[in-house]
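Encoded as structure tokens, the structure appears first; notes follow it.
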Amino acid sequence: MSLKEEALALHRRYRGKIATSVKVPLRTQRDLVLAYTPGVAEVSREIVRNPESVFEYTSKWNTIAVVTDGSRVLGLGNIGPEAALPVMEGKAALFKEFGGVDAVPLCLSTQKAEEIVEIVKNVSPGFGGINLEDIETPKVLEIKERLIKELDIPVFHDDGDGTAVVALAGLFNAMKVVGKKIEEVTIAIAGAGSAGYEIARILHRVGARKIVVVDSKGIIHRGRREGMNRFKEELARITNPENITGKLDDALDGADVFIGVSSIPNLINPELIRRMAKDPIIFALTNPDPEILPDVARRAGASVVATGSSQYPNQANNLLVFPGFFRGLLDARARLVTDEMKIAAAEAIAGLVRKKELSADHILPQAVDRKIALKVAAAVAKSAEK
């Protein structure tokens, strides 16, 4: 049976991957009196008196919305909300299985930023957090920015924030393998969408200064006009200190690190890696096909190679991040996501690879390790409490 046939058979058999469960007993008349009317009215009155008690008396404390408009799903593009639903169900299943977080898919039949913001604001009373998923850039950055300002619950964008955390965690350990420091290396990032934007921001926050970001129009630099928006303008301010111009080839010349979030398979070739600095680090994170295959990169001289695929060593999988991250946010009853939380999560993930285990082929823990979510949750909650 092919992968397609097996996947279709699984989903047809179960007709979805998630379901609602009931936590309280509903066997007797007294059970109904307490769980529903008239007993539930007392709970509602208590919440009116003390709005914060909604976290104690309802499922809000542990429930998040996974919000998409289906405009940029996996490697499938703009496939719409119905076709996005199985992906969002899968995300909800991972939240529950690895983080104990109840996640509800919200697949919206609009792709207008203003309408998405208003819908999420209007449903937010039932949720303890919002996870934005598979929404095209730069629209998703605008939506996230608005929601952070207008909601009192945390807003996380896994394609951007989650990818940035896992890339930072991998880079922390890759630096140890090659004996370099983040503050000193030159980092070329291919892709200026939400992932490239957040990766550049978080790297700048931890001290990286020699960062060059490249999009389809070339290197982002101060004074560039073509293909710019206000998020790329921000990148122009915090990256590329020498204000170099040109294409990806120019950005890679002498670079220590390549991070690919371009959505373009086979974007770089061995010759470009040979033009990089000694012991180059390659994070080719585009899925399902990376910017360069790991064996090709190694033959060209790469010291450490990570991809987003489970087929190869060093899988930089967002599953390392989002279940534990939201577990920590909800446990701390955080109201927003901060860079400090992201850095703490990255340090926790990197720290799960013990010193004696650290190698060029082992810079990140396996995504199925159940300790990851616990460590990430603790780090995020501690940061939130500060």
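Here is how the numbers come out for the structure above:
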{"read-out": "Computed [θ] at 222 nm, deg cm²/dmol, the chain (DSSP H ≥ 4; -39,500 (n - 2.57); rounded to nearest 500)", "value": "-13000 deg cm²/dmol"}
{"read-out": "Helix 163-178 axis, angle to the chain major axis (alpha carbon atoms, nearest 10°)", "value": "40"}
{"read-out": "Region 75-106 and region 1-59: distance between their alpha carbon centers, rounded to Å", "value": "18"}
{"read-out": "Nitroxide proxy distance, nm - points 7 Å out along Cα→Cβ at residue 355 and residue 59", "value": "4.6"}
{"read-out": "Region 308-335-region 188-228 distance, computed between alpha-carbon centres (Å)", "value": "23"}
{"read-out": "Efficiency of FRET from Cβ geometry, residue 385 and residue 33, R₀ 51 Å, rounded to 0.05", "value": "0.85"}
{"read-out": "Amide proton proximity set for residue 189, modelled H, under 5 Å, gap of 5+", "value": "212, 213, 214, 259"}
{"read-out": "Full-stretch length increase - residue 15, residue 79 - with 0.36 nm per residue and alpha-carbon distance subtracted", "value": "21.1 nm"}
{"read-out": "Stretch gain in nm, segment residue 264-residue 312, where the contour uses 0.36 nm per residue and the Cα spacing is subtracted", "value": "15.5 nm"}
{"read-out": "Region 118-128 - phi-based ³J(HN,Hα) in whole Hz, Karplus 6.51/-1.76/1.60, Gly and Pro as x", "value": "5, 4, 5, 4, 6, 9, 4, x, x, 10, x"}
{"read-out": "FRET efficiency, residue 111 to residue 234 (Cβ-Cβ, R0 25 Å, nearest 0.05)", "value": "0.55"}
{"read-out": "Stretch gain in nm, segment residue 145-residue 2, where the contour uses 0.36 nm per residue and the Cα spacing is subtracted", "value": "47.3 nm"}
{"read-out": "Placed amide H near residue 276: partners under 5 Å, 5+ positions off or other chain", "value": "254"}
{"read-out": "Neighbour-count ranking [beta-carbon atoms within 10 angstrom, fewest first] of 197, 36", "value": "36, 197"}
{"read-out": "Set of aspartates and glutamates near residue 91 by C-alpha distance (under 16 Å), chain-local residues within fewer than 8 positions excluded", "value": "69, 82, 102, 133, 134, 158, 159, 161"}
{"read-out": "Simple spin-label estimate for residue 42 and residue 366 in nanometres, 7 Å along Cα-Cβ", "value": "5.0"}
{"read-out": "Over 29 Å between alpha carbons, listed pairs 356/382; 232/371; 4/371", "value": "232/371; 4/371"}
{"read-out": "Using θ = phi - 60° and Karplus 6.51 cos²θ - 1.76 cosθ + 1.60, couplings along region 312-326 (whole Hz; Gly, Pro as x)", "value": "10, x, 6, 6, 8, 9, 5, 4, 5, 10, 5, x, x, 4, 6"}
{"read-out": "Gyration tensor verdict on region 3-158 (Cα atoms; rounded if a/c is under 1.5, prolate if a/b is larger than b/c, oblate otherwise)", "value": "oblate"}
{"read-out": "Amide H contacts under 5 Å for residue 64, placed H, 5+ residues apart", "value": "102, 103, 104, 128"}
{"read-out": "Residues of type lysines that residue 181 reaches as a straight line, Cα spacing below 18 Å, ignoring anything fewer than 8 places off in the same chain", "value": "210, 278, 355"}
{"read-out": "Over region 26-149, relative contact order from alpha-carbon pairs under 8 Å, at least 6 apart, %", "value": "28"}
{"read-out": "For Cα extents along the principal axes in Å, calculated from these coordinates, the label among (i) 85, 53, 32; (ii) 75, 47, 42; (iii) 58, 57, 41", "value": "(ii)"}
{"read-out": "Aspartates and glutamates whose Cα lies under 18 Å from that of residue 180, excluding same-chain neighbours fewer than 8 positions away", "value": "253, 256, 279, 347, 361"}
{"read-out": "Residue-by-residue Karplus 3J(HN,Hα) for region 38-48, coefficients 6.51, -1.76, 1.60, Hz, glycine and proline x", "value": "x, x, 5, 4, 5, 5, 4, 4, 5, 5, 4"}
{"read-out": "With Cα atoms, 0 to 90° folded angle of helix 80-99 axis to the chain main axis", "value": "80"}
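Computed from the coordinates by the stated procedures, all read-outs in this text should not be read as laboratory data. Treat the numbers as computed from the prediction; the structure is a model and nothing was measured. Backbone-built Cβ (ideal geometry, glycine too); neighbour counts: all protein chains shown.
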